[in-house]
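Visitor: Before anything else, here's the structure in question.
The values are calculated or read from the model by the stated rules, or taken from the named source; none is laboratory data. Keep in mind it's a predicted model, so treat the numbers as computed, not measured. Cβ coordinates were reconstructed from backbone atoms using ideal geometry, including for glycine residues, and neighbour counts include every protein chain displayed.
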Amino acid sequence: MSIRTVPLEANAAPSPEELELRIAGDEAAAIEQYEAWGFTDGLPIVAPTPERVEAMCAGATRYPPESLGDLMPRGGSATVQKIAINAVMAGCRPQHMPVLMAAVEAIQDDDFNLIGVQTTTHPCAVMLVVHGPVADELAMNSGHNCFGPGNPANARLGRALHLILQNIGGGVPGQSDKATQGSPAKYGFCFAENASESPWPSYPASIGLEGGAGYVTVAACEGPHNINDHGSSDGESILNTVAQTMATAGNNNLYVGGDTFVIFGPEHAQTVAASGYSRSDVQDYLYEHARVATERISAAKLEELLDWGGYADQLEGWGGRIPLTRCPSDIRVMVAGGAGKHSAWCPTFGATFSSTKVIESSVELCTI
């Protein structure tokens with residue numbers, strides 16, 4: 001691998017395939033050059049020196065040159081070393097690498113539709129959820145303010161995944177990333193499932209995954225939409241509030257289906273479960289009640305909905321009330337957050353389905 005010296009204020013960005021460059025000047029100058037080349041998210045980064053990247057690779061479960069696949073739309077090869085470079089830039093620690101590697105594998109599932117997610121005008125960000133003991137090992141936040149700032153692992157993992165999507169996959173804002181307005185969630189949207197306060201089995205268990213140190217779930221979501229219900233004292237009343245919040249005429253799930261995420265705060269979840277609702281009961285209720293009546297939709301928009309969704313022949317059977325997903329199980333239900341009578345709904349890009357992957361345990365790699 002050749003090492004090229006780059007003068008300060010070099011105008012042309014190097015190819016993403018160039019893994020090592022000597023940038024004239026100190027670290028501050030190198031960081032400014034990265035910003036000028038468009039390799040950052042606009043926030044300050046940690047300079048990815050060879051020593052830092054090597055230390056980051058030591059936390060991986062595969063060798064640095066090994067590729068985990070080609071990320072669209074650029075088709076960049078997601079080698080362990082490139083993942084590590086972006087992880088360093090985001091301030092990650094070596095122990096974060098297995099989570100990022102699992103996330104990189106998850107976004108490549110065919111049904112996730114990475115090229116669509118990366119190039120759409122829709123403001124979706126890739127939401128990263130960590131499940132299981134590994135979240136505690138990394139001191140991730142699953143409680144109060146878990147969607148927000150303050151927790152190093154949540155913030156750094158979410159940011160690193162965005163940088164990977166941008167710098168390896170080519171989801172560059174204004175170029176291939178054509179989001180009309182974008183979203184602050186694109187800086188990073190990462191949290192841990194609060195399984196310890198959930199009245200239902202963990203999310204991975206609900207989709208047939210058991211055991212292991214942990215899992216990651218990725219979903220192409222909008223930022224969370226708050227659901228406030230301080231008055232209801234029974235499960236059906238809370239679910240009605242959730243359903244009516246979801247029943248909007250402008251969300252992408254109504255157009256094309258896909259899956260969508262309802263993330264209950266622990267208090268809401270426990271009240272709903274105490275009223276006898278299992279997770280599947282919740283999904284059934286929301287499928288039936290989170291619908292948009294055709295009289296709420298203009299004629300021109302209804303024609304668009306029926307065309308995009310391909311369900312014109314089902315409208316009569318639905319009684320003129322359009323569901324957000326094609327089946328109840330596509331309404332994904334999990335628990336996160338702390339005390340307080342709030343939950344959240346995360347509509348998705350629609351032309352996408354979430355993916356959940358196991359996190360590989362750390363292993364000793366022999367030297368060759």
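Visitor: Kindly indicate whether any position in the stretch 220-231 is modelled with pLDDT of 95 or more, in a helix (DSSP H, G or I) and surrounded by fewer than 18 Cβ atoms within 10 Å (Cβ to Cβ).
Guide: Checked against the condition, which is being modelled with pLDDT of 95 or more, in a helix (DSSP H, G or I) and surrounded by fewer than 18 Cβ atoms within 10 Å (Cβ to Cβ), the stretch 220-231 yields no hits at all.
Visitor: Out of all the residues in the stretch 266-275, is one or more touching a strand residue (DSSP E or B) at 6+ places or on another chain (Cβ under 9 Å), surrounded by fewer than 22 Cβ atoms within 10 Å (Cβ to Cβ) and more than 22 Å from ALA192 (Cβ to Cβ)?
Guide: Scanning the stretch 266-275 turns up no residue that is touching a strand residue (DSSP E or B) at 6+ places or on another chain (Cβ under 9 Å), surrounded by fewer than 22 Cβ atoms within 10 Å (Cβ to Cβ) and more than 22 Å from ALA192 (Cβ to Cβ).
Visitor: Those residues that are crowded, with 17+ Cβ neighbours inside 10 Å and either farther than 15 Å from TYR255 by Cβ or among the basic types (Lys, Arg) (or both), I need them from the stretch 287-325; list them, please.
Guide: Correct list: TYR287, HIS289, ARG291.
Visitor: Return the pair list, or none, for Cβ contacts closer than 6 Å from residues in the stretch 283-305 that are without any contact (Cβ under 8 Å) to a residue 40 or more places away in the chain to residues that are assigned to a strand (DSSP E or B), at least 6 apart or on different chains.
Guide: Qualifying pairs under 6 Å: ALA293/ARG321.
Visitor: Let me ask something else about it. Before we move on, is VAL46 at pLDDT 95 or above, among the β-branched types (Val, Ile, Thr) and surrounded by fewer than 19 Cβ atoms within 10 Å (Cβ to Cβ)?
Guide: So VAL46 passes the test.
Visitor: Which one is nearest to ASP259 (Cα to Cα), of the residues in the stretch 273-332 that are polar (S, T, N, Q) and assigned to a helix (DSSP H, G or I)?
Guide: By that ranking, first place goes to SER329.
Visitor: To continue, here is another question. Can you name the residue in the stretch 1-42 that is charged (D, E, K, R), farther than 20 Å from ILE168 by Cα and assigned to a loop (DSSP other than H, G, I, E, B) and, of all such residues, is modelled with the highest pLDDT?
Guide: ASP26
Visitor: Going by the conditions given, is ILE263 assigned to a strand (DSSP E or B) and of a type outside the set (Asp, Glu)?
Guide: yes
Visitor: On to the next question. I'd like to check something: does the stretch 188-210 contain any residue that is farther than 29 Å from ALA274 by Cα and either in contact with a Lys or Arg (Cβ under 8 Å, 6 or more places away or on another chain) or charged (D, E, K, R) (or both)?
Guide: Within the stretch 188-210, one or more residues are farther than 29 Å from ALA274 by Cα and either in contact with a Lys or Arg (Cβ under 8 Å, 6 or more places away or on another chain) or charged (D, E, K, R) (or both).
Visitor: Those residues that are in a helix (DSSP H, G or I) and closer than 23 Å to GLY171 by Cα, I need them from the stretch 43-58; list them, please.
Guide: Across the stretch 43-58, the qualifying residue is only VAL53.
Visitor: Still on this structure: Looking at MET72, MET97 in this structure, which one is closer than 23 Å to MET127 by Cβ, touching a residue at least 60 places away in the same chain (Cβ under 8 Å) and either buried (at least 17 other Cβ atoms within 10 Å of the Cβ) or not acidic (Asp, Glu) (or both)?
Guide: MET72
Visitor: Answer yes or no as to whether ASN154 is under 22 Å from GLY214 (Cα atoms), crowded, with 20+ Cβ neighbours inside 10 Å and either of a type in the set (Phe, Trp, Tyr) or in contact with a Cys (Cβ under 6 Å, 6 or more places away or on another chain) (or both).
Guide: So ASN154 fits the description; yes.
Visitor: Spot the failing condition for GLU316; the list is (1) among the charged types (D, E, K, R); (2) in contact (Cβ under 8 Å) with a residue 40 or more places away in the chain; (3) more than 27 Å from ASN226 (Cβ to Cβ), and only one is missed.
Guide: Status for GLU316: all satisfied but (2).
So that you can scan it fast, the table gives a plain yes or no per residue for (1) β-branched (Val, Ile, Thr); (2) surrounded by fewer than 18 Cβ atoms within 10 Å (Cβ to Cβ); (3) more than 24 Å from the chain's Cα centre (by Cα):
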site: GLN33; (1), (2), (3): no, no, yes
site: GLY38; (1), (2), (3): no, yes, no
site: GLU51; (1), (2), (3): no, yes, yes
site: LEU68; (1), (2), (3): no, no, no
site: ILE83; (1), (2), (3): yes, no, no
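Visitor: Here's a follow-up. Can ASP26 be described as surrounded by fewer than 20 Cβ atoms within 10 Å (Cβ to Cβ), within 23 Å of the chain's Cα centre (by Cα) and of a type in the set (Asp, Glu)?
Guide: Spelling it out, it is not the case that ASP26 is surrounded by fewer than 20 Cβ atoms within 10 Å (Cβ to Cβ), within 23 Å of the chain's Cα centre (by Cα) and of a type in the set (Asp, Glu).
Visitor: Among helices (runs of 4 or more DSSP H) lying entirely in the stretch 90-191, which contain 2 or more residues that are modelled with pLDDT of 95 or more and among the charged types (D, E, K, R)?
Guide: 133-137, 152-167
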